[in-house]
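Asks: This structure is in structure tokens; I'll ask about it shortly.
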Amino acid sequence: MPAIIRHASVVITTLGLLLLAGCASVSVKDQEVNTLPGGRLKPKKIYVRDFDLPLDSLNVDRSGAELENFKKQSIESMSAALLAEIVKFYPAEKLAANAPAPVGNYLVLDGQFLRVNQGSRALRMFIGFGAGGTKMETAISLYDAGVNPMQKLLAFDTTGGSGAEPGVVGDPTPIGAAGSMAGGSMKGISEDTRRTARMIAYRLSQYFGDQGWITPDQVKAAKMQGE
């Protein structure tokens, strides 16, 4: 077999394996599931608190003021993405991280970033197919604010990472390669945020549907780990 054919075969095989390993995906793992006490009315609203993001959970190529700004933007982006998803099926409002929980027939959603890994933007830009992939992990808790102290109703974790978009190497077209170079550094964490917010909202919709708070057509199935 000519050397050029052997080389092409190796490249195709490698890209194929990276494609299989790098599919965009966020999954959910339940940790605790409880229900409201009998006789309680349907909660009026869910308050979404800004997520906690410890600096030691961040693995990004930033430091100092730039790192603090990245942290702030990450928290704000997650809050915005979550609210946009939740209001599709339930009244929701943002709650600042340091704000006291509301008193009354409400729900409160707390979250924490466990891991935000930027990966290699250069690898995503030039190779793609999961190379240099990002990683985002969160821990989510839903509380009943109608009792004091608040009762935890639902707790789950999410985990996921960047997808299998081709980079310059994987896209033979000049336009596609140029797009990979232009957008490779912008994708990754922002897409993980949107996918994670969507899966959090889907898991909430399943729980709300089980309680009879929303109609079956409003329920979306979250991807559970192991499925």
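The values are calculated or read from the model by the stated rules, or taken from the named source; none is laboratory data. Since we're looking at a predicted model, the values are computed, not measured. Counting neighbours? That spans all protein chains shown, and the Cβs are built from the backbone with ideal geometry, glycine included.
Asks: For the range 177-223, give me each residue that is among the small types (G, A, S), within 19 Å of the chain's Cα centre (by Cα) and at pLDDT 95 or above.
Replies: If the condition is that a residue be among the small types (G, A, S), within 19 Å of the chain's Cα centre (by Cα) and at pLDDT 95 or above, then A197, A201, S205, A221, A222 are the ones that fit.
Asks: Being touching a residue at least 12 places away in the same chain (Cβ under 8 Å) and among the small types (G, A, S) is the requirement here; does S27 meet it? Give the steps one after another, and end with the answer.
Replies: Working: touching a residue at least 12 places away in the same chain (Cβ under 8 Å): yes; among the small types (G, A, S): yes.
The answer is yes for S27.
Asks: Among what's in the range 58-79 and is among the aliphatic types (A, V, I, L, M) and within 19 Å of A139 (Cβ to Cβ), pick the residue that is surrounded by the most Cβ atoms within 10 Å (Cβ to Cβ). Break it down stepwise before answering.
Replies: Let us first name the residues in the range 58-79 that are among the aliphatic types (A, V, I, L, M), namely 58, 60, 65, 67, 75, 78.
Among the residues that remain, those that are also within 19 Å of A139 (Cβ to Cβ) are: 58, 75, 78.
Details: L58: 17, I75: 17, M78: 24.
For the range 58-79, the residue satisfying everything is M78.
Asks: Can you tell me which residue is farthest from Y202 (Cα to Cα) among those in the range 61-79 that are hydrophobic (A, V, I, L, M, F, W, C) and free of Cβ contacts under 8 Å to residues at least 60 places away in the same chain?
Replies: This residue is A65.
Asks: Something else: How do the pairs read when you match residues in the range 80-98 that are at pLDDT below 95 and surrounded by fewer than 16 Cβ atoms within 10 Å (Cβ to Cβ) with residues anywhere that are assigned to a loop (DSSP other than H, G, I, E, B) and not hydroxyl-bearing (S, T, Y), using Cβ under 8 Å and keeping only pairs 6 or more apart or on different chains?
Replies: Partner pairs satisfying both residue conditions: A96/D50; A97/D50; A97/F51.
Asks: Give me the pairs: first residue in the range 147-162 and surrounded by fewer than 21 Cβ atoms within 10 Å (Cβ to Cβ), second residue among the small types (G, A, S) and modelled with pLDDT of 90 or more, beta-carbon distance under 8 Å, and six or more apart or on different chains, which are they?
Replies: If the second residue must be among the small types (G, A, S) and modelled with pLDDT of 90 or more, the pairs left are K152/S141; A155/A139; A155/S141; D157/A139; T159/S27.
Asks: Given (1) modelled with pLDDT of 95 or more; (2) in a helix (DSSP H, G or I), where does V28 come up short, assuming only one miss?
Replies: Result: V28 passes all but (2).
Asks: On to the next question. I'm told A122 meets every condition in (1) surrounded by fewer than 18 Cβ atoms within 10 Å (Cβ to Cβ); (2) part of a loop (DSSP other than H, G, I, E, B); (3) modelled with pLDDT under 85 except one. Can you identify the failing condition by its number?
Replies: Of everything listed in (1) surrounded by fewer than 18 Cβ atoms within 10 Å (Cβ to Cβ); (2) part of a loop (DSSP other than H, G, I, E, B); (3) modelled with pLDDT under 85, A122 misses just condition (2).
Asks: When you go through (1) modelled with pLDDT of 90 or more; (2) buried (at least 17 other Cβ atoms within 10 Å of the Cβ); (3) more than 16 Å from R198 (Cα to Cα); (4) touching a Ser or Thr at 6+ places or on another chain (Cβ under 8 Å) one by one for V48, which number turns out not to apply?
Replies: It is condition (3) that V48 fails.
Asks: Mind listing whichever residues of the range 190-227 are among the hydrophobic types (A, V, I, L, M, F, W, C), outside any helix (DSSP H, G or I) and touching a Phe, Trp or Tyr at 6+ places or on another chain (Cβ under 8 Å)?
Replies: W213, I214, V219, A221, A222
Asks: Pick out the one residue from A101, A164 that is of a type in the set (A, V, I, L, M, F, W, C), within 23 Å of A84 (Cβ to Cβ), at pLDDT below 95 and assigned to a loop (DSSP other than H, G, I, E, B).
Replies: A101
Asks: Check F113 against each of (1) under 20 Å from the mean Cα position of the chain (by Cα); (2) farther than 14 Å from I189 by Cα; (3) aromatic (F, W, Y) and name the one condition it does not meet.
Replies: The failed condition is (2).
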